[in-house]
Amino acid sequence: MIKKILIGIFVLLSIYGVYQGFRYYKWKKETDRRNSYYQNLVDTSSPTVTSLRDSILIPYQNEKRTIHIYVPPSYLSDSLRSYPVIYMMDGEQCFNDLENNGPEWQLDEVINQADSTSKNSSIVVAIAESENRDQEYTPWPIKEYPDAHGDQYAKWVSYELKPWIDSLYRTKTEPEHTSIGGISRSGMMAYYFLMAHPDVWGNALIQSPSMWVDTEKLMAMEIPDIELQSKKIFISVGEKEDFMVQLAKVVFQKFKEKGLSDDRLKFEIIKGEGHWHLTWRKSFAKAYPWLMN
């Protein structure tokens, strides 16, 4: 009897050892892949990206923020044309490997290509993250962050930064031409922006949204169905993002049950990718032509 128990324990330990070895192999392979991107980084931003460093005042915080503004090449050659605008949070990651200290999301490359073929182009306003990122990208105070102020941040972007951009650039100002986007915690905030300020935001790029921050309260947010029907919502998540895949599906299902059609709602699982920059690079490449169509 004791011998059988010992054999059973040995088998279980062997299986566990193989499982842990496999997990380590996958972790090591992914780590090596990511480290390869961090070597020999160079400036990869397009010439039409302007960086305004620590120059945009956020009054309620009494601090200045960096923003990066991209215009498509045609913006410089066609002075009569106006453009839709995409606002991206975690904006230091949008255009430049050096700025991001890793693989950028290539928003400028994607839009440059569309612009070169006379397809829909867009301005991008990429807002750098705060040193207190989690507090800024949490809509309201929660136990972990009693000083969270994402609601104030959303109001600042919606009613102060956007009008300022509209006054300086040839923009299409209507909600149907105004998009908000983010990843992870800022992906959750893109959802919040859309639901809290539907008068401003017509489209949302919700990537790997961290809905776990306050799932119940976030999912309880509603806007009138007639207003929701005019929105375009792109939701994505990496195949290897574990529990966040289900959270992204919950967001998708919420809007699906509201009757949004396939030309208004899209869900993508990015194959073979986890919670990192290549996921969001691939996501934007899929999202952009769909959002602009």
> Looking at the range 220-246, which of the residues that are in a helix (DSSP H, G or I) and in contact with an Asp or Glu (Cβ under 9 Å, 6 or more places away or on another chain) is surrounded by the fewest Cβ atoms within 10 Å (Cβ to Cβ)?
Replying inline: 227
> How about the range 12-53: which of its residues are at pLDDT 95 or above and over 22 Å from the mean Cα position of the chain (by Cα)?
Replying inline: 47
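A quick yes/no check of all residues on (1) assigned by TED's automatic domain parsing to the domain that holds residue 286; (2) at positive phi; (3) within 16 Å of the chain's Cα centre (by Cα); (4) not aliphatic (A, V, I, L, M):
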| residue | (1), (2), (3), (4) |
| --- | --- |
| 170 | yes, no, no, yes |
| 175 | yes, no, no, yes |
| 178 | yes, no, yes, yes |
| 189 | yes, no, yes, no |
| 218 | yes, no, no, no |
| 238 | yes, no, yes, yes |
| 242 | yes, yes, no, yes |
| 258 | yes, no, no, yes |
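Take the residues in the range 67-115 that are in contact with a Cys (Cβ under 7 Å, 6 or more places away or on another chain) and in a loop (DSSP other than H, G, I, E, B), then tell me which one is farthest from residue 178 (Cα to Cα).
104
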> Within the range 107-130, is there a residue that is without any contact (Cβ under 8 Å) to a residue 40 or more places away in the chain and charged (D, E, K, R)?
Replying inline: no
> Filter the range 103-121 for residues that are surrounded by fewer than 20 Cβ atoms within 10 Å (Cβ to Cβ) and within 16 Å of the chain's Cα centre (by Cα); which is nearest to residue 74 (Cα to Cα)?
Replying inline: 110
>> Just the residues that are part of a helix (DSSP H, G or I) and under 21 Å from residue 93 (Cβ atoms), please, taken from the range 248-283.
In response: 248, 277, 278, 279, 280, 281, 282, 283
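The values are calculated or read from the model by the stated rules, or taken from the named source; none is laboratory data. Model, not experiment: these values are computed from the prediction. Glycine gets a Cβ as well: all are built from the backbone with ideal geometry, and neighbour counts include every protein chain shown.
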